[in-house]
Amino acid sequence: CRTFFVQEYPRFMYAGWLSPLINLDATLDVSIHISPLDSSDSAKKLRGKSTQIESTLVMNAEKGLVRDPKLEATYQDVEDLRERLSVGISKLFHTSFYLTVYAKTPEALDDTTNIIESLLGEQMIVTKPCILQMEQGLNSVLRFWILKQ
């Protein structure tokens, strides 16, 4: 087996984004952990992040570097989220997504892994294998499995 975690999500996710994995002819366990974050702490962190991104944009402009649309979009997203948090429209959550793939041979595991990474990569979802923390990654998925038994 091999366990992965999602390191980076796209800017927007659409309904049915998990369908390609669910419909895949492979044995796998999926675990999603969601917990709310404190709004005041989140607002402080977002203020710091906003300042950091803004200064990066200014420094890049002073250096004459080509504008970075992704960084500009991130700045706009952070500012929008700060505003929505401050008026109580939105709430932030910490989300962890783990995926464990099972196969009978190492070759089959590699093939299935490549398919899954490709399916998620097409949606701009970046996954990483739990290399140095394999046991903790597997336990994250198994903990959910044990709870539903």
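Might you check whether a residue that is within 30 Å of THR27 (Cβ to Cβ), of a type outside the set (A, V, I, L, M, F, W, C) and touching a Leu at 6+ places or on another chain (Cβ under 9 Å) occurs anywhere in region 74-96? Taking every residue of region 74-96 in turn, at least one turns out to be within 30 Å of THR27 (Cβ to Cβ), of a type outside the set (A, V, I, L, M, F, W, C) and touching a Leu at 6+ places or on another chain (Cβ under 9 Å). Pairs are defined by a Cβ separation below 7 Å, a sequence spacing of at least 6 or placement on different chains, a first member in region 113-135 that is over 16 Å from ARG2 (Cα atoms) and polar (S, T, N, Q), and a second member that is modelled with pLDDT under 90 and not in a helix (DSSP H, G or I); the pairs so defined are GLN123/PRO10; GLN123/TRP17. None of GLU54, GLU79 is at pLDDT 85 or above, more than 29 Å from TYR14 (Cβ to Cβ) and not aliphatic (A, V, I, L, M) except GLU54.
The values are calculated or read from the model by the stated rules, or taken from the named source; none is laboratory data. All values reported here derive from a predicted model rather than from experimental measurement. In this analysis, Cβ positions are derived from the backbone assuming ideal geometry, glycine residues included, and neighbour counts consider all displayed protein chains.
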